[in-house]
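What follows is a single structure, and I will ask about it in a moment.
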Amino acid sequence: MSNDPAPLLVVRDLKTYFFLDEGTVRAVDGVDFAVHPGQVVGIVGESGCGKSVTVKSVMRLVQRPGRLVAGTIRFRPSSQSAQRWPLAPDGTLDLAALDPQGPIMRAIRGGEIALIPQEPMAAFSPVHTIGNQIVEAIRLHQDVDRQTAWEWGVERLAEVGIPSPAQRMRAYSWELSGGLRQRAMIAMALACGPRLLIADEPTTAIDVTTQAQILTLLRALQEQHNMAIIFITHDLGVIAQIADHVVVMYLGRVMEAGPVEEIFLRPQHPYTRALLRSIPSIHTPSRTLLPTIQGSIPHPFNRPAGCPFHPRCGDFVPGLCDRNTPEPVPVSPTQTVSCHLYTGELHGEPIPDRSSPA
Ligand code: SF4
């Protein structure tokens, strides 16, 4: 990780809601996290916890009926871009305040922040060659001719380990295997040298051997380019392999955050502890039932009051956890937890009014 103390991205109190006829879904409901240059931040949680909507909000790609309703997304652009854009005195831009379709946001997407989607088959156009799509991405952000962009594309395909890159530039996405398609998607995302790469479950749809190769490749590219990565996954095993810092999400809120070693060796939040208990160990005797988290994720229209995890929590404190939403509190200089077991409210300290709507 870089020694640069200034964060690349700081997300504060981010709220993204979906306004449907049936009601409002609070998909992201007050999320805080930061990403430093060269750092890999893993966002982990079950399906529906809001991790993908969080990164779509950062890229301003949330579509109606979804809307970013509150919060700030402060991003520090490269010095080259900074000369062209109106920055705050601290050298950042608030992406939440920008027009999602405006020129600055269009330049940031793909140029400064790039996305690797979960399923490259759906992301690549099936009627254009891989090369044409990479060339288009490069020329959208860089003032270079087609020949130069084509040569850069060949270099990028070679860099991500695609054999015969010049020939592959003329291939269509459906002619490549799943692993090669994912590598081509990484090459396209890296085409313009982004400062921040967002990888949204990039290894979910591929076999475990290819998954291990892609994780090794991403880590190598991250170190080579000193790029920051936000890695979205539901798989704690993947997080352990790639992340420096972990953000655990549940029902649109951050439950726990900290360095990967602290989260795995000293998990504090009941939800994190339950997730880790449910991972099979090599020492687990065969035919042993793994512990599971009781109950299931509530329906999005039927969100519980207070702590969102309380209907499933073994440490639930009646009258407190079902009334007040816990805010993040530090449990070490680098780790925060959102749980009343740590907020002091159990020990007779005054309870501020943080009642959340049901
Ligand atoms: Fe469990 Fe209460 Fe902590 Fe929520 S606040 S995780 S219900 S102990």
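The values are calculated or read from the model by the stated rules, or taken from the named source; none is laboratory data. The model shown is predicted, which means the values in this text are computed figures rather than measured ones. As a convention, Cβ positions derive from the backbone with ideal geometry for all residues, glycine included, and neighbour counts pool all protein chains shown. The protein model used for the area step is the full one, side chains on, heavy atoms only, and it has no ligands, DNA or RNA in it. Shrake-Rupley method; radii C 1.70, N 1.55, O 1.52, S 1.80 Å.
Enter the accessible area of residue 334 (Å², nearest 10), with the probe set to 1.4 Å and all protein chains included.
Here the residue's solvent-accessible area equals roughly 70 Å².
May I have the convex hull volume per residue, in Å³, for the Cα set of the stretch 123-192? Mind showing how you got there, number by number?
Numbers: hull volume 5.2 nm³, N = 70.
Given the Cα convex hull of the stretch 123-192, per-residue volume reads 74 Å³.
Once fully extended, how much extra length lies between residue 216 and residue 146, figured as 0.36 nm per residue of separation less the alpha-carbon to alpha-carbon distance?
Details: separation 70, 0.36 × 70 = 25.20 nm, distance 3.12 nm.
Answer, rounded to one decimal: 22.1 nm.
Would you tally the net charge around residue 186, using a Cβ to Cβ cut-off of less than 11 Å, leaving residue 186 out, and scoring K and R as +1, D and E as -1? Present the calculation step by step, with values, prior to reporting the outcome.
Working: positive: 156, 181, 183; negative: 159.
Charge balance near residue 186 sits at +2.
Separation between the residue 334 and residue 172 pseudo-spin-labels, each 7 Å from Cα along Cα→Cβ, expressed in nm?
4.9
A further question follows. Mean separation of Cα pairs under 8 Å and 6+ residues apart, divided by the residue count of the stretch 256-325: what relative contact order is that in percent? If you can, show how the numbers build up before the last one.
Working: 54 pairs, mean separation 17.0, N = 70.
About 24 percent, as a whole number.
For residue 87 and residue 136, calculate 0.36 nm times their separation in residues minus their Cα-Cα distance, and state this gained length in nm to one decimal.
14.8 nm
As an exercise, find the ratio Rg/Rh for the chain from alpha-carbon atoms, using the Kirkwood inverse-distance average for Rh.
Numbers: Rg = 21.4 Å, Rh = 21.7 Å.
With Rg and the Kirkwood Rh in hand, the quotient comes to 0.99.
Now for a separate question. So how strong a dipole does the stretch 123-192 carry about its Cα centre when Lys and Arg Cβ are +1 and Asp and Glu Cβ are -1, to the nearest 20 debye?
Details: 7 positive and 7 negative charges, 45 e Å.
With only Lys, Arg, Asp and Glu charged at Cβ, the dipole is about 220 debye.
Work out how much length residue 79 to residue 208 would gain on full extension: take 0.36 nm times their residue separation and subtract the Cα-Cα distance, in nm to one decimal.
Taking 0.36 nm per residue and subtracting the Cα distance, the gain is 42.5 nm.
Moving on. D for the stretch 228-323, whole µm²/s, Stokes-Einstein with Kirkwood Rh over alpha-carbon pairs at 20 °C and 1.002 mPa s: what number? Could you put the intermediate results ahead of the total?
On the way: Rh = 14.9 Å.
For the chosen part, D equals 144 µm²/s.
By how many degrees, between 0 and 90 and to the nearest 10, does the Cα long axis of helix 146-159 differ from the longest principal axis of the chain?
50
When the helices in the chain are scored as -39500 (n - 2.57) per DSSP H run of 4 or longer and the sum is shared across all residues, what 222 nm value do you end up with, to the nearest 500 deg cm²/dmol? The partial results should precede the final answer.
Numbers: 13 runs with 111 residues, N = 358.
The helix-only estimate for the chain comes to -8500 deg cm²/dmol at 222 nm.
Express the carbon and sulfur contribution to the solvent-accessible surface of the chain as a percent, rounded to the nearest whole number, probe 1.4 angstrom. List each step's numbers first, then the result.
Working: 8850 of 16860 Å².
Taking all protein chains in place, the chain shows 52 percent carbon and sulfur surface.
Using alpha-carbon pairs under 8 Å, 6+ residues apart, how would you state the relative contact order of the chain in percent?
Values: 650 pairs, mean separation 65.1, N = 358.
Contact order relative to length: 18 percent.
For the chain, modelled as a GNM with alpha-carbon contacts under 10 angstrom, which of 198, 282, 138 fluctuates the most?
282
What number in nm² do you get for the stretch 267-342 if you take the convex hull of its Cα atoms and divide its surface by four? Don't jump to the answer; show the numbers that get you there.
Details: hull surface 26.3 nm².
Quarter of the Cα hull surface area: 6.6 nm².
In percent, what relative contact order does the stretch 123-192 have, based on Cα pairs under 8 Å that are 6 or more apart in sequence?
Values: 81 pairs, mean separation 31.1, N = 70.
Across the stretch 123-192, relative contact order equals 44 percent.
Something else: PRE reach from residue 13 (point 7 Å along Cα→Cβ): which of the stretch 254-268 fall under 16 Å by backbone N?
254
Follow-up. Quick one: dipole size for the chain, taken about the Cα centre, charges +1 on Lys/Arg Cβ and -1 on Asp/Glu Cβ, in debye to the nearest 20.
Working: 31 positive and 34 negative charges, 98 e Å.
Magnitude of the dipole: close to 480 debye.
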